[in-house]
Amino acid sequence: MDPTTRNVNNFYKSLEDDGSYESLHPEHFGPNRVLLLDGVIQSTLFGDAPYHESIVHPAMITHPNPKRVAIIGGGEGATLREILKHSTVEQAVMIEIDEGVVSLSKDYLPEWQDCSSIAHHKGRDAWCFNDTRADARFEDAMAYFTDNFSPKKDDTDDDDESPYEVIVMDCLDPNDNVEFAEFLYTSDTYIQSLYHALTDDGILVVQVGASPKVDQAADETGGFVNRSEMMKKLNEYGFKSIHIYDESHSGFFASWSSLLAFKDAETRERWYRSSAEIELDLSRRILPTKEGKSSLRYFDGATMKGYQVPGKQFEAVYCRQEEQPQECNDKLLNGSSSYSPVLERHAIH
């Protein structure tokens, strides 16, 4: 329990049945809970909604009709929980290599897998994994995508998987000192397979670690070389537009970045809609609670507006590359890459 934000006496009072404000709202006074894997924070109770809603809903509400969605990682279940709130979704495939994370989270972090807010809808369930649309597969996600969607895949293989409208990569951070993390962000075959696993208007979203500081070195020369490599490969293999945004309330002691890669430019245009348009879309799309309220706790149209243009720090770090992009000196020029925070920040949307 963080003494700067939580009072122990108030916590004990919240456990009483005395009609006090604390007892009526115990969720505001309890201790935080943290999921760690190999000593690295994966998720926190206090940052649950800001993190998981920010990685899922911007991409989902930007796509006009996401029916089939894939999750890479996300074993605690919260990413799946958020995807299942979309009424358009017909199948949500979660590919997690460690089944133990799901079991541990179910026992000790039940909020992460709690779909009770939408359980009254047909086919839904209070436990997210019992939703009829949920398809949890405990296998190596890299192998799954390269086996099923690699351009080198054998055409005689009849065991074809259908492509996805949205793919959410919610797994290891790009700067984790783990060999597997490097493969996830730099493997040519794997990144190509992600491109081919998407429909023509598909969107890839990836959590890409801590946001840079405004005085930080370029990713390619600093601690986020894997993030830099992935962005280059996404551009190389055909994604038409790459966008990065951050959320400062994810519970990771730093602002956290997510990357969106659009397979076509037309879908990207929906990213820049007004907050009113997004609110209207959310009201039509998101499954409501039994009381008729939104099942979202954090994300809304105004929040989305804050994600639409990358912060100054992304522009500053981008322009510190060894080969400085031309638009850093002349913002009227067109960039040669599908990722340019300079042009995004100075364009009129």
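The values are calculated or read from the model by the stated rules, or taken from the named source; none is laboratory data. None of the values given here were measured: they were computed from a predicted structure. We place every Cβ from the backbone using ideal geometry, glycine too, and count neighbours over all the protein chains shown. Protein only, heavy atoms only, side chains kept; ligands, DNA and RNA dropped before computing areas. Shrake-Rupley method; radii C 1.70, N 1.55, O 1.52, S 1.80 Å.
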- Query: Does Gly30 satisfy being more than 26 Å from Asp264 (Cβ to Cβ), open to solvent by 20 Å² or more (accessible area, probe 1.4 Å) and part of a loop (DSSP other than H, G, I, E, B)?
  - Reply: no
- Query: Are there any pairs, at least 6 apart or on different chains, whose C-beta atoms fall under 9 Å, with the first in the stretch 321-349 and of a type in the set (A, V, I, L, M) and the second modelled with pLDDT of 85 or more and surrounded by fewer than 15 Cβ atoms within 10 Å (Cβ to Cβ), and if so, which?
  - Reply: Leu333/Gln326
- Item | Tally, over the stretch 161-199, of residues that are more than 17 Å from the chain's Cα centre (by Cα), at pLDDT 90 or above and acidic (Asp, Glu) | 1
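Can you pull out the helices (runs of 4 or more DSSP H) entirely within the stretch 47-160 that have at least 1 residues that are touching a Pro at 6+ places or on another chain (Cβ under 9 Å) and over 22 Å from Ile286 (Cβ atoms)? Explain how you work it out, then say what you get.
Details: elements: 48-62, 78-83, 99-108, 141-149.
It comes to 141-149.
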- Among the listed residues Asp160, Asp219, Asp215, which satisfies the condition of being acidic (Asp, Glu) and either farther than 21 Å from Ser340 by Cβ or without any contact (Cβ under 8 Å) to a residue 12 or more places away in the chain (or both)? Asp160
- What number goes with the only condition from (1) without any contact (Cβ under 8 Å) to a residue 24 or more places away in the chain; (2) of a type outside the set (D, E, K, R); (3) open to solvent by less than 50 Å² (accessible area, probe 1.4 Å) that Leu280 does not pass? (3)
- Query: Which of the residues that make up the stretch 251-294 are among the aliphatic types (A, V, I, L, M), assigned to a helix (DSSP H, G or I) and farther than 29 Å from Gly209 by Cα?
  - Reply: Ala276, Leu280
- Message: Whether any residue in the stretch 40-47 is surrounded by 16 or more Cβ atoms within 10 Å (Cβ to Cβ), more than 30 Å from Glu269 (Cα to Cα), over 15 Å from the mean Cα position of the chain (by Cα) and aliphatic (A, V, I, L, M) is what I want to check.
- Response: yes
- Going by the conditions given, is Gly238 in a loop (DSSP other than H, G, I, E, B), open to solvent by less than 60 Å² (accessible area, probe 1.4 Å) and farther than 20 Å from Ser255 by Cβ? yes
- Selection within the stretch 168-194 - open to solvent by 30 Å² or more (accessible area, probe 1.4 Å) and in contact with a Leu (Cβ under 8 Å, 6 or more places away or on another chain): Leu172, Val178, Phe180
